[in-house]
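Please treat every number below as a calculation from the coordinates, not as lab data. Small disclaimer: the values here were computed from a predicted structure and weren't measured. So basically every Cβ, Gly included, is an ideal-geometry build from the backbone, and we count neighbours across all protein chains shown.
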There are 2 protein chains.
Amino acid sequence: MIETKNSTRRVTVISSISEMKEISQSFQKQNLTIGLVPTMGCLHEGHLSLIKKSLESCDKTVVSIFVNPTQFGPKEDLESYPRQFENDIEKLDEIGVDILFHPSKEEMYPTGYKTFVEVKNITEQLCGKSRPDLFQGVATVVLKLFNIVQPYNAFFGEKDWQQLAVIETLVKDINLDVAIIRVPLVRENDGLAMSSRNRYLSVQERQTALSLSRSLQKAQDHIRQGITSVKIISNLIQQNILETEGTKIDYISICDPLSFKEKEQIRGRTLIALAVKVGPSRLIDNCIIEEI
Amino acid sequence: MIETKNSTRRVTVISSISEMKEISQSFQKQNLTIGLVPTMGCLHEGHLSLIKKSLESCDKTVVSIFVNPTQFGPKEDLESYPRQFENDIEKLDEIGVDILFHPSKEEMYPTGYKTFVEVKNITEQLCGKSRPDLFQGVATVVLKLFNIVQPYNAFFGEKDWQQLAVIETLVKDINLDVAIIRVPLVRENDGLAMSSRNRYLSVQERQTALSLSRSLQKAQDHIRQGITSVKIISNLIQQNILETEGTKIDYISICDPLSFKEKEQIRGRTLIALAVKVGPSRLIDNCIIEEI
C-alpha cells in the first residue's frame, strides 16, 4: 500500500464536546494522564514548545484549537485573527499529538449560553485595562476546556504572563485538579516574541516590532548596572519604543508579577510587561527581573 | 460494650478540602457513585427529602453544611443565620448519610480569594433583584463543591426555584458531568414551606407566614376556574398577603419558569413565585401552573 499523506495522519480531530469527553474518560479508565495545550491555532514555535513539554510528561496530548469569541472585544480582531487549519494539522501530525480538539463556536457557546467566570483584582491592570473582555473570556473558555478534556497537566506560555496568573488563580480558587505548567516565552532569532499576530506584520513592521524586545533588553542591561528607579527604566523603554517610527504604546508596566501592582523601585521579583501597537497588530512582550 | 451516642455515630465529618477530595477519589476508584446534597445546615424535612433521594439513588451520600458568606449581602442575615450543628449531625446519623463535609469559611475562601461565577440573564429577576449578591455566591460555592466532591448526582429543592435554574444552567454551560436532581418543595401540615428561616418566627409570625402558601393556593383555585389574567391573579395574591398584618411584599412574580420573563396571561407552563418579609424573616414560596 502506498502511503498517502492522509494515511500517515495520526492526530485524531474531534469537534464534538461529548466525543471529546468520551475519549478523555476512556484515557482515564486506562490510567493514562492527559496533557492539554489550549491554543487559538496558527501554531508557531511557541506553541510547539508547550506541546513538546506535554508529550514529554503526559501519556496523551490533546491540543485544542479554538478562536474563542468571548475573549475578543467588539472592536478587536476576532474576524481577522489568522487561521491556517491544514498547516496546523500537519504540524500536530509531525510532532505526534494524539488528539486535536477543534469545536465550533456554536458547540462551545450554544444559543442561550449564560455563564462566565471572573477572576477579580488581577484582571483590571495591563492587558485587562485596554481589553476589558479578555480575561473573563479566557477564564471561561479555559474552565470549559478543563471540564471537557479533564487534563492532568495543562500548558501555558509565559508570553501571556497575566493570563497565566489568571488561570493559576482560577484553578486554585475553584479547587480544580489540574496542574498548570508554565513554559518560557519563545523568541525568534532576532528577539521578537513569537505570536500568531506577527503574521499581520509587513516586512517593515516586522523590523519595527523588534523595538519591544530590544527595549526590554536595554532595560535589563540598565537594571544589571544598578538602576532601580522605575521612572528611569520606564522612560528608557518608552524612548526606545517611540524612537522607532510606527509604534503606539498601549502600556509599559513595571510591577509585581503576582498582584500586578505598579512599583516605584525595582526591588524583589519584578515583571516588566509591554503592549505596543505596530501596524495592525497589538503586540505584547515581557521579562522577569529576579530578586536583586 | 455499652453503646454510647458517639459509638453509634456513622457519619464521617470532614472539614478539609484535600481530605474530602481524597475520599471522593477513593469512592470513584471503587466505582461508587456519589450523591451530594449541599445545605447551609439547620436541617429540616425539606433537606431530609433531598438526602433520602440521594441515599436511594447513589452508593455514597455526601451532605455539605456550609453557611456560604458570598451569597449574603452586607445587610443580610449571615451572622444570625440559624446554626445547630449537633442537632444536624444526629439527623444525618439517623438517616444514614456517609459523609458530612463541613469546611470553615477560611477553608473555602482563603485570604486572596478572587474567582466568581456569574450566570447572566436569569439572575436579575425575582430573588436576584432584591439580593444582587445571591446567585453569584450560590453559583461559585456550588461549582467549588462540585469540584471538591465530584458528585454523580446533586440534589436541590424546588423551593429555591430560581437557584435550581441557575445551577442547571451553570452545569450545562460549563460542561460539568453532574446530574442535577430536582426535588419538590416540602410543606408543613398547615402549608408553610419548610425553611431554616422559619425558626426566626414567633408563634404569631408563624401564623402570619401562612399567608404565602394560602395566597398561592387561592391563586391556583382561581386559575383552575379559568382566570388567566396575570393582573387579576397578582392582585388577588397581593390582597391576600396584605390583609394579614405584619407582612411586607418583596415581590410577586408570575413568569416563565425558565427565563423568569413576566407574563401578562397565564398561558403555557407558569411559575408563581413570592418573597414576603414576615417579622425578621424574608420567606419565599412558589408553585407551578402546568400548561392549561
TODO: State the three equivalent ellipsoid semi-axes of the stretch A:99-152, derived from the C-alpha gyration tensor as the square roots of 5 times its eigenvalues, in descending order and whole Å.
DONE: 23, 14, 10
Task: Rounded to 5, percent antiparallel among DSSP beta bridges of the protein assembly as shown - done: 55 percent
Open item on the list: For chain B, take the longest principal axis of its alpha carbons; what is the angle in degrees between that and the long axis of helix B:161-173, to the nearest 10 within 0 to 90?
Closed with: 60 degrees
Task: Label-point gap, in nm, between B:Q265 and A:K218 - each point 7 angstrom along Cα→Cβ - done: 7.4 nm
- [ ] Rounded to whole Å and ordered largest first, report the semi-axes of the equivalent ellipsoid of the stretch B:25-74 derived from its Cα gyration tensor (root of 5λ).
- [x] 25, 15, 6
Task: Range of Cα positions in the stretch A:240-291 per principal axis (Å), largest first - done: 35, 19, 15
Open item on the list: Rounded to the nearest 5, what % of DSSP beta bridges with both residues in chain B are antiparallel?
Closed with: 50 percent
TODO: Go through A:K21/A:K144; B:K53/B:K159; A:K105/B:K172; A:K114/B:K261; A:K29/A:K60; A:K75/A:K120 and tell me which ones have a Cα-Cα distance over 19 Å in this structure.
DONE: A:K75/A:K120
Open item on the list: What percent of all Cα-Cα pairs in chain A falls into each 10 Å bin, going from 0 up to the bin containing the maximum distance?
Closed with: 6, 26, 34, 22, 9, 2, 0
- [ ] Counting helices only, and only those DSSP H runs with n ≥ 4, report the 222 nm mean residue ellipticity of chain B as the sum of -39,500 (n - 2.57) divided by its residues, in deg cm²/dmol to the nearest 500.
- [x] -11500 deg cm²/dmol
- [ ] Consider a paramagnetic label point 7 Å from the Cα of A:E124 along Cα→Cβ; state which residues of the stretch A:256-292 have an amide N under 15 Å from it.
- [x] A:259-262
Task: Crossing angle, helix B:17-29 versus chain B [Cα axis fit, 0-90 degrees, rounded to tens] - done: 80 degrees
TODO: Report, in cubic angstrom per residue, the convex hull volume of the C-alpha atoms of the stretch B:196-287.
DONE: 87 Å³
TODO: Could you pull out every residue, at least 5 positions away or on a different chain, whose amide H is within less than 5 Å of the one on A:I181? Hs are placed 1.01 Å off N in the peptide plane, and Pro or chain starts have none.
DONE: A:A154, A:F155, A:F156
Task: When the convex hull of its Cα atoms is projected in every direction, mean area for the protein assembly as shown (nm²) - done: 35.1 nm²
Open item on the list: Modelling each spin label as a point 7 Å along the Cα-to-Cβ direction, I'd like the B:L78/A:Q28 distance in nm, to one decimal.
Closed with: 3.3 nm
Open item on the list: Can you give the log10 of the normalised intensity I(q)/I(0) at q = 0.19, 0.24 Å⁻¹, computed with Debye over equal Cα scatterers of the stretch A:195-238?
Closed with: -0.63, -0.77
Task: For the stretch B:25-122, convex hull volume per residue from C-alpha positions, Å³ - done: 162 Å³
- [ ] Could you work out, for the stretch A:143-218, what percent of all Cα-Cα pairs fall into each 5 Å distance bin, beginning at 0 Å and stopping at the bin that holds the largest distance?
- [x] 3, 13, 20, 18, 13, 11, 10, 9, 3, 0
TODO: Can you check what the Kirkwood hydrodynamic radius comes to for the stretch B:46-197, Cα pairs only, in Å to one decimal?
DONE: 16.5 Å
Task: Cα→Cβ-extended label distance, 7 Å offset, between A:K277 and B:E291, nm - done: 5.3 nm
TODO: Give a residue-ordered list of calculated ³J(HN,Hα) values for the stretch B:190-201 (Karplus: 6.51 cos²θ - 1.76 cosθ + 1.60, θ = phi - 60°; whole Hz; x for Gly, Pro).
DONE: 8, x, 4, 5, 4, 7, 4, 6, 5, 5, 5, 7
TODO: Could you work out how far helix B:85-95 tilts from the main Cα principal axis of chain B, as a 0 to 90 degree angle to the nearest 10?
DONE: 80 degrees
Task: Inter-copy spacing of A:D221 label points, which lie 7 Å from Cα along Cα→Cβ, given in nm from shortest upward - done: 9.0
